Amino acid sequence: MEFQLRMYRVKPGLLDEWVEVFAAGALPLRRAFGFSVLGPWIVREEDRFVWIVGAEDFAAVDKAYYDSPERAALDPPPTDYLDEVVTLMMEAPPGTPPPAR
């Protein structure tokens, strides 16, 4: 399983609304495409939203998600809420157990 850390800076004043939009739209759609989702977490004083998403063949599943008509139909689009997006592919150090599911 490959994992990606996703950190968003949400536009000021929109964090609570973003959490609702994410929970109703992007989160169930990611899961429908086969992603495993850890989190999310918020850092309220920084308007930051952080989550971890994983998949067996991350690049292929991620492309299918972003190319899908369902993703294009998300209304409002998730990007309407975000000032900054930082993503990092992660790997476990050798010898560590896989994450619990």
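Data overview
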read-out: Of all residues in the stretch 74-86 being assigned to a helix (DSSP H, G or I) and out of contact with any helix residue (DSSP H, G or I) (no Cβ under 8 Å at 6 or more places or on another chain), the one that is modelled with the highest pLDDT; value: Asp80
read-out: Residue list for the stretch 63-101, restricted to those being in contact with a strand residue (DSSP E or B) (Cβ under 7 Å, 6 or more places away or on another chain) and either closer than 26 Å to Leu15 by Cα or of a type in the set (Asp, Glu) (or both); value: Tyr81, Leu82, Asp83, Glu84, Val85, Val86, Thr87, Leu88, Met89, Met90
read-out: Failed criterion for Met89 (all others in (1) part of a strand (DSSP E or B); (2) out of contact with any Leu (no Cβ under 6 Å at 6 or more places or on another chain); (3) surrounded by 12 or more Cβ atoms within 10 Å (Cβ to Cβ); (4) touching a residue at least 40 places away in the same chain (Cβ under 8 Å) hold); value: (3)
read-out: Residue, nearest to Leu88 (Cα to Cα), within the stretch 1-55, restricted to residues that are assigned to a helix (DSSP H, G or I) and in contact with a helix residue (DSSP H, G or I) (Cβ under 6 Å, 6 or more places away or on another chain); value: Ala26
read-out: Residues (surrounded by fewer than 17 Cβ atoms within 10 Å (Cβ to Cβ) and either of a type outside the set (A, V, I, L, M) or in a loop (DSSP other than H, G, I, E, B) (or both)) located in the stretch 56-73; value: Glu56, Asp57, Phe58, Lys63, Tyr66, Asp67, Ser68, Pro69, Glu70, Ala73
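The values are calculated or read from the model by the stated rules, or taken from the named source; none is laboratory data. All of these numbers come straight from a predicted model, not from anything done at the bench. Don't worry about glycine lacking a Cβ; one is built from the backbone with ideal geometry, like all the others, and counts go over all protein chains shown.
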